[in-house]
Amino acid sequence: MASINADLSGADLRGAMFHDADLFGANFEGANLEGADFTDATNLTCEQLMAGLNWQQARVTEGFTCDPAR
């Protein structure tokens, strides 16, 4: 599977499906991630996820956790 390496900064991604996507290099800065599905996505980092808005309401693979205090 090829990486998307996409600039999705500022996009409205509410409910978007990234299930099984390779998210290496994807930029979610300022994007609305409410309800976005990142389950089983590869190469997703907490830094990428937390750059988006409403990232806490996105769906991620069980066990994937991000600490906003870091």
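Ordering of 12-18, 28-34 by packing is 28-34, 12-18, highest average first (other Cβ atoms within 10 Å, averaged per residue).
Net charge near Phe38: determine it from the other residues with C-beta under 11 Å of the C-beta of Phe38, scoring Lys and Arg +1 and Asp and Glu -1.
Details: positive: Arg59; negative: Asp20, Asp37, Asp40.
Result for the local shell: -2.
Length available on full extension from Asn54 to Asp20: 0.36 nm per residue minus the Cα-Cα distance, which gives 10.2 nm. Please list, by residue number, everything in segment 14-57 whose backbone N is under 17 Å from a paramagnetic label point 7 Å out along Cα→Cβ of Asp7. Under 17 Å, as judged by backbone N against the label point of Asp7, lie 24-32, 52 of segment 14-57. Each Lys and Arg contributes +1 and each Asp and Glu -1, all at the Cβ; summed about the Cα centre of the chain, the dipole is approximately 120 debye. The value of relative contact order for the chain, using C-alpha pairs under 8 Å at least six residues apart, is 29 percent.
Coordinate-derived values only; no laboratory data. Keep in mind that what you see is a predicted model, and the values were worked out from it rather than measured. For neighbour counting, all protein chains shown are included, and Cβ atoms are generated from backbone atoms with ideal geometry for every residue, glycine included.
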